[in-house]
Amino acid sequence: MAWPCVKGTIILKAKNPSEEDCALAYAAEILRNGGLVAFPTETVYGLGANALNLQAVKEIYRVKKRPPDNPLIVHITGIEQARDLVCSIPREAVLLAEKFWPGPLTLVLAKKKHVPDIITAGLSSVAVRVPAHPLALKLMAKAGIPLAAPSANLSGHPSPTTAGHVLDDMAGSIDAVLDGGSCSIGVESTVLSFLSDPPALLRPGGITLEMLQDVLQSKVMDFARRQQSKDFKGTPSSPGMKYRHYAPQTPLYLVEGEGADQRRKLADLNKKLAQEGYKVGLILFEESRDFYAAPVIKVLSSKKDPCLAAERLFAVLRSKDFLDVDVIIAEGLEEKEIGHAVMNRLRKAATKIIVP
Ligand code: TXA
Ligand code: MG
């Protein structure tokens, strides 16, 4: 079958089950031969390589321009495959895997010796997850290998939630992208480390803190929030936490808080920047859409629908309409449920945060 190409990167987009079989067989062959294939997961697109092929994993770091001290998640098909990679799986981690796999939960566990250092950036732990997207699962089954896969964006850019986003960053530097449409969750998986007791939330994501605590019936240490507080002076427990992320090319101000105070702060900032001659873009929620005027306005969702905000966030940050604005102002959201992950990403995208 002749697949379309952009700058040499093949776009594997299937219109029916037999084309899907061809696309998966092709992608699996590329992966087995040490190539790079971006594939859809329920969270964001991943940039996959054979996790046991050192040269292929090295290529991931090179094409993403990823700092070598930021380890990768190994994607697997089930808990049995995890046992090949980690020393042991604590009872609480088993409970969570049974409840949330396949799904947007990554578990950090002590690694077995044979897991290559390049995947774990020299750490003694490895991150594993079973993605829920049917194409990701079929691809791994067909390839018969675990896939090392970071988000398929250039380091520092917002994660890709469509094949188009992947091509914007990666066309010409990877072998293929398997096009599965838009990702349904839209923010990356929750990363939970079992190297501490209680377990530590390193990155909020698709599985919320509330959902984790509900299953464990005990506390989870919210390390992600601690590390984002301005008083935090420790070493990041997840190397990825120390980099500015998800950043559009334009400076971004995040206005936190809620109600009248947040609205006044956002209105004042918008007015001041416009008066100084800057072209401003706004990222807002439906409830406040009518309070402001600006050359570019993007509405994420209602504040009552944080799941939709998560699904749309990266596409909005990547919006071409923001390319010619001078500054973006984003409205913050209440930090509960998946709103926690949305705020984590907005804070990492922000050049300046205005607190209540
Ligand atoms: O939803 C997701 O998790 C997506 C899809 C493709 O599965 N993947 C993803 O990968 O977001 P990446 O590489 O963009 O983010 C992985 C995060 C980084 O913050 C990294 O530092 C952390 O997981 N991580 C990986 N291995 C770790 C380890 N052994 N200990 C602590 N943190 C780790
Ligand atoms: Mg990433």
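Tabulated data for the structure shown
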item: Under the Karplus curve 6.51 cos²θ - 1.76 cosθ + 1.60, θ = phi - 60°, whole-Hz ³J(HN,Hα) for the stretch 320-337, x wherever Gly or Pro sits; result: 5, 5, 7, 4, 10, 8, 8, 8, 10, 10, 10, 8, x, 10, 5, 8, 10, 6
item: The chain: radius of gyration over Cα atoms, expressed as a fraction of 2.2 N^0.38 Å; result: 0.99
item: Candidates G46, G277, G206, ranked by Gaussian network fluctuation over the chain, Cα under 10 Å, top entry; result: G277
item: Max mean-square fluctuation residue, GNM over the chain, Cα-Cα springs under 10 Å, options A14, A309, A27; result: A14
item: More than 20 angstrom apart: percent of Cα pairs within the stretch 164-219; result: 47 percent
item: Partner lysines for K7 [C-alpha distance under 20 Å; skip if fewer than 8 residues away on the same chain]; result: K64, K65
item: The chain: most fluctuating residue of K320, K138, K13 per GNM, C-alpha cutoff 10 Å; result: K320
item: Within the stretch 342-356, backbone nitrogen closer than 17 Å to the virtual label 7 Å beyond the Cα of A260 toward Cβ; result: 356
item: Rounded to 5, percent antiparallel among DSSP beta bridges of the chain; result: 40 percent
item: For the chain, calculated [θ]222 nm from helices alone, where every DSSP H run of n ≥ 4 adds -39500 (n - 2.57); result: -10000 deg cm²/dmol
item: Percentage relative contact order, the chain, counting C-alpha pairs under 8 Å, at least six apart; result: 19 percent
item: Per-pair calculated FRET efficiency, R0 = 30 Å: S302 and Q213 via Cβ, rounded to 0.05; result: 0.70
item: Length added when fully stretched, Q228-K272, from 0.36 nm per residue minus Cα-Cα; result: 13.1 nm
item: Separation between Cα centres of the stretch 141-182 and the stretch 11-49, rounded to whole Å; result: 9 Å
item: Separation of the A25 and L52 label points, Cα + 7 Å toward Cβ, nm; result: 2.4 nm
item: Residues of type lysines that K13 reaches as a straight line, Cα spacing below 21 Å, ignoring anything fewer than 8 places off in the same chain; result: K138, K142
item: Label-point gap, in nm, between L195 and D326 - each point 7 angstrom along Cα→Cβ; result: 4.4 nm
item: Normalised per residue, the volume of the convex hull around the Cα set of the stretch 252-354 (Å³); result: 85 Å³
item: Label zone at K15, where the point sits 7 Å out along the Cα-to-Cβ direction: the stretch 140-177 residues whose backbone N lies under 16 Å; result: none
item: Cα→Cβ-extended label distance, 7 Å offset, between E335 and S88, nm; result: 3.5 nm
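Where a number appears in this text, it was derived from the coordinates with a stated rule and is not lab data. For clarity, every value in this text was computed on a predicted model and none was experimentally measured. Because the Cβ atoms are built from the backbone with ideal geometry, glycine has one as well, and the counts that use them run over all protein chains shown.
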